[in-house]
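The values are calculated or read from the model by the stated rules, or taken from the named source; none is laboratory data. Please read these numbers as outputs of a predicted model, since none were measured by experiment. Note that each Cβ is placed from the backbone with ideal geometry, even for glycine, and that neighbours are counted across all protein chains shown.
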Amino acid sequence: MKLLMIEAACPGVVSCADILALAARDAVVLAGGPGWAVPTGRRDGRVSLASDASNLPGFTDSVDVQKQKFAAKGLNTQDLVTLVGGHTIGTSACQFFSYRLYNFNSTTGADPSIDSAFLPQLRSLCPENGDTSTRVGLDNGSENRFDNSFFANLRNGRGILESDQKLWTDDSTKTFVQRFLGVRGLLGLTFSAEFGRSMVKMSNVEVKTGTDGEIRKVCSAIN
Ligand code: HEM
């Protein structure tokens with residue numbers, strides 16, 4: 001698509017990195033979320049293989065490790081909680097969390113941070129030895145809607161990924177979840193406003209300009 005339309009009209013001008021940043025914003029708007037101004041002018045990297053990535057999965061990471069990974073890119077604890085709030089949209093394959101349902105500890109098998117009424121629901125969605133590619137909403141009950149309910153789910157022990165649920169266990173991140181939920185006595189934070197701010201911050205990390213990188217002709221591969 002890029003090759004056909006934008007490359008034909010303005011060859012070598014518009015990067016895939018900019019298209020992706022704009023498309024992410026537009027997808028959030030279509031899901032009922034906020035819009036924000038996306039700065040453009042990025043060039044594309046010359047790395048395109050998953051095997052080149054240094055920081056793979058991370059869905060079992062402790063909050064300390066999540067914070068370290070974000071801090072290494074200049075993103076603080078509030079950015080971490082806000083951006084992981086992106087899990088208000090979309091789904092996960094059972095493969096990334098079914099260990100929490102069956103193989104987490106030696107007594108019940110289940111991660112004790114999972115709400116006891118939610119556990120049987122998740123077990124029926126992801127049966128032991130079932131299809132690990134089955135997909136489950138990351139924001140239970142509201143996977144297509146950009147809203148606050150992902151944070152309410154964390155409060156209620158209904159997070160899907162272990163790394164998501166831990167944002168409620170750890171005091172340093174729990175405070176931000178509570179602030180998004182408008183808990184009395186804490187300074188409120190508006191998720192929709194903060195999300196745009198943190199997305200712009202993240203999209204400005206290690207941007208390539210000038211003669212760095214390239215403008216890809218096809219987004220899925222280096223030129
Ligand atoms: C601590 C950092 C993060 C971890 C460990 C993490 C992990 C994951 C995992 C394991 C999945 C499921 C993948 C699959 O089954 O295909 C997922 C999906 C998703 N993540 Fe994250 N994520 C993180 C941060 C983010 C951020 C910062 C955003 C956006 C601002 C984001 C947006 C999404 C979305 C939209 C999906 C759903 C994709 C779909 O429906 O196909 N995640 N994430």
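Some notes on this structure:
- In the range 65-86, the residue that is nearest to V177 (Cα to Cα) out of those that are of a type in the set (S, T, N, Q) and within 9 Å of the ligand (Cβ to nearest atom) is T82.
- In the set A193, A221, A152, only one residue is modelled with pLDDT of 95 or more and either of a type in the set (K, R) or out of contact with any helix residue (DSSP H, G or I) (no Cβ under 9 Å at 6 or more places or on another chain) (or both); that residue is A193.
- Taken over the range 190-223, the criterion of being touching a residue at least 60 places away in the same chain (Cβ under 8 Å), part of a loop (DSSP other than H, G, I, E, B) and within 20 Å of the chain's Cα centre (by Cα) is satisfied by N204, V205, E206, V207.
- Any pair with Cβ under 9 angstrom, 6 or more apart, that starts in the range 123-137 at a residue that is free of Cβ contacts under 8 Å to residues at least 12 places away in the same chain and ends at one that is in a loop (DSSP other than H, G, I, E, B): P127/S98; P127/T134
- Taken over the range 115-160, the criterion of being more than 14 Å from the ligand (Cβ to nearest atom), within 13 Å of L101 (Cβ to Cβ) and outside any loop (DSSP other than H, G, I, E, B) is satisfied by F118, L119, P120, Q121, L122, R123, S124.
- Selection status of S51, more than 9 Å from the ligand (Cβ to nearest atom), exposed (fewer than 12 other Cβ atoms within 10 Å of the Cβ) and not assigned by TED's automatic domain parsing to the domain that holds F195: yes
- Only listed residue being away from the ligand (no atom under 13 Å from the Cβ) and part of a helix (DSSP H, G or I), chosen from S172, S163: S172
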